[in-house]
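Report on the following structure.
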Amino acid sequence: MREIEEKKLLTIITPGELQRMVVEQLKKRGIGGYTVVSASGAGTSGLQSGMLISDSSVILYIIMSEERLQKVLVDMDKLMSRGYRVKAFYQDISILPRKKARTGGKS
Amino acid sequence: MLGSAAANLIDPAVLFFVLGAAIGLLRSNLEIPPAIAKFLTLYLLMALGLKGGAALASGGLPAEGILAIIAAIAMAGFVPAYAFYFLSRRIDPFDSAAVAATYGSISAVTFITTQQFLSVKGVEFGGYMTVAMVLMETPAILMAVVLATAVRARQAALEVAVDDPNDDVFQPLSIREVLQEALTDGAQLLLIGSLVIGYLAGQDGKVEMSPFTADIFKGMLAFFLLEMGLLVGRQISEGRAKIDKELFLFAFLSPPINAAIALALAYLIGLQVGDAVLLAVLSSSASYIVVPAVARYAIPEARPGVYFTMALGMTFPFNILVGIPLYYAVAQSVWT
């Protein structure tokens with residue numbers, strides 16, 4: 001059996017329009033893999049019904065190393081400081097990797 | 001005038017809008033699956049583009065059409081300029097810029113509903129008004145982004161700079177990026193593409209596509225307005241966004257003011273009554289699809305709950321229920 005790896009699961013909730021911007025930012029940190037789910041809800045920005053293209057939210061799930069997570073959180077903090085509606089939280093996960101771990105691998 | 005308003009209110013599509021709003025206000029569990037809701041938006045834009053393109057192919061672009069398009073672009077520049085001037089002295093300048101963009105741009109569904117209203121009344125209008133609508137979408141966004149950039153620069157000059165100039169997360173968006181975002185918006189591209197296809201396909205294409213663009217159109221519009229009513233009702237019942245008094249007044253007073261200016265302009269340049277009403281509706285409507293989408297990206301400091309709620313929860317129902325018959329009645333009385 002493959003060796004279980006300890007990773008971080010970062011969850012980002014953002015309006016659908018900002019998905020591209022967030023993904024571009026992740027790419028700059030060398031992250032190309034993520035999962036996107038459409039979402040609806042409500043918050044201080046009002047109702048995000050998910051019925052119109054302009055009021056739909058997305059949830060992005062990204063698995064990464066602790067080291068990379070810290071850099072991404074700094075990026076998200078900067079986006080929030082500029083006013084972008086982004087929510088980010090993370091949790092520890094144990095993952096059965098698709099690829100067997102390589103010595104010195106980054107994530 | 002009252003008769004026209006009453007006739008509009010018993011239009012099935014408008015009644016479905018009222019029904020949706022009532023259901024939304026009652027917090028009923030009626031749900032339209034988001035995928036279907038989004039499909040309806042795309043359907044209406046596609047049908048609108050095809051019909052507009054076919055009308056352009058058969059009628060061409062007469063001098064009156066060119067004048068109408070110039071008037072539309074002028075209104076698309078004038079409305080956000082005065083809106084920002086008026087609002088930025090009273091409320092947050094970023095909110096002002098986003099609201100200015102929202103009101104300088106247009107609502108395609110209000111435009112479609114007006115076309116349907118005019119068709120039922122047997123009033124003619126030019127296919128070039130769809131081109132005018134497309135061209136009115138972007139100037140307000142660009143103007144608002146320029147204004148927001150100016151506000152940002154002014155604020156930065158007053159504050160101690162904390163941003164790292166080498167940090168690309170903090171680099172302000174260029175006009176090119178914003179323009180790309182606005183012009184590559186999916187809804188906008190579908191509308192422009194459908195307009196071109198409708199034009200190329202001409203009358204034969206119009207006949208072939210009529211089961212899609214004409215026969216089921218009214219039913220689909222009614223379904224979409226039901227969805228919009230639901231959204232409006234829920235926006236109101238949720239009541240999460242705090243709308244300042246000035247903005248509340250702006251949401252209800254600016255549509256008739258903009259419509260009056262547009263009608264005066266249309267009268268001066270000699271547009272026919274149908275085109276004049278459409279120009280009035282375009283000038284008085286507010287965008288709740290393209291502009292909010294771009295503003296979230298380009299003016300992140302502005303509160304989406306404010307400009308989106310104003311456009312969708314206030315101005316849109318005002319125009320659907322009161323504005324369209326009102327502008328038509330005024331135009332009828334002036335033109336005849």
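For the subset of segment A:5-28 comprising residues that are touching a Phe, Trp or Tyr at 6+ places or on another chain (Cβ under 7 Å) and at the interface with chain B (Cβ under 8 Å from one of its Cβ atoms), which member is modelled with the lowest pLDDT? Looking at the filtered set, the residue picked out is A:Glu17.
Among the residues making up segment B:268-320, those that are closer than 30 Å to A:Val86 by Cα and either among the polar types (S, T, N, Q) or free of Cβ contacts under 8 Å to residues at least 12 places away in the same chain (or both) are B:Ser285, B:Ser287, B:Arg296, B:Pro300, B:Thr309, B:Thr315. Of everything in segment B:155-175 that is at pLDDT below 75 and in a helix (DSSP H, G or I), the residue that is nearest to B:Ala71 (Cα to Cα) is B:Ile175. Examine segment B:299-321 for a residue that is under 22 Å from B:Phe17 (Cα atoms), in contact with a Leu (Cβ under 7 Å, 6 or more places away or on another chain), of a type in the set (Gly, Ala, Ser) and more than 9 Å from every other protein chain (Cβ to nearest Cβ), and state whether such a residue exists. No, that holds for no residue. When we screen B:Val294, B:Val330 for residues that are more than 25 Å from B:Gly20 (Cβ to Cβ) and within 14 Å of chain A (Cβ to nearest Cβ), the only hit is B:Val294.
Of the listed requirements (1) within 14 Å of chain B (Cβ to nearest Cβ); (2) within 26 Å of B:Ile36 (Cα to Cα), A:Leu60 misses just one: (1).
Can you name every residue in segment B:49-93 that is among the hydrophobic types (A, V, I, L, M, F, W, C), at pLDDT 90 or above and buried (at least 22 other Cβ atoms within 10 Å of the Cβ)? Selection gives B:Leu50, B:Ala54, B:Ala68, B:Ala71, B:Ala72, B:Met75, B:Ala76, B:Val79, B:Ala83, B:Phe84, B:Leu87. When B:Ile257, B:Ile261, B:Ile236 are checked against the criterion of being modelled with pLDDT under 90 and assigned to a helix (DSSP H, G or I), a single residue qualifies: B:Ile236.
Does B:Phe252 meet the test of being within 21 Å of the chain's Cα centre (by Cα), under 30 Å from B:Gly198 (Cβ atoms) and aromatic (Phe, Trp, Tyr)? No; evaluated as a whole, the condition is false for this residue.
Here B:Ala264 passes the criteria (1) closer than 19 Å to B:Phe318 by Cα; (2) more than 16 Å from the chain's Cα centre (by Cα) except the one numbered (1).
Which of the residues spanning segment A:13-59 are more than 21 Å from B:Leu42 (Cβ to Cβ) and part of a loop (DSSP other than H, G, I, E, B)? The answer is A:Arg29, A:Gly30, A:Ile31, A:Gly32, A:Gly33, A:Tyr34, A:Thr44, A:Ser45. Can you tell me which residue within segment A:72-87, out of those that are surrounded by 19 or more Cβ atoms within 10 Å (Cβ to Cβ) and under 14 Å from A:Gly43 (Cβ atoms), is farthest from the other protein chains (Cβ to nearest Cβ)? Of everything passing the filter in segment A:72-87, A:Val86 is farthest from the other protein chains (Cβ to nearest Cβ).
Looking at B:Phe223, B:Phe248, which one is aromatic (Phe, Trp, Tyr), away from chain A (no Cβ under 14 Å) and part of a helix (DSSP H, G or I)? Don't jump to the end; show me each part of the working.
Details: B:Phe223 fails: away from chain A (no Cβ under 14 Å).
Of B:Phe223, B:Phe248, the one residue that is aromatic (Phe, Trp, Tyr), away from chain A (no Cβ under 14 Å) and part of a helix (DSSP H, G or I) is B:Phe248.
The values are calculated or read from the model by the stated rules, or taken from the named source; none is laboratory data. What you are looking at is a predicted structure, and each value in this text was computed from that prediction instead of being measured. Methodologically, a virtual Cβ is constructed for each residue, glycine included, from the backbone with ideal geometry; neighbour enumeration extends over all protein chains shown.
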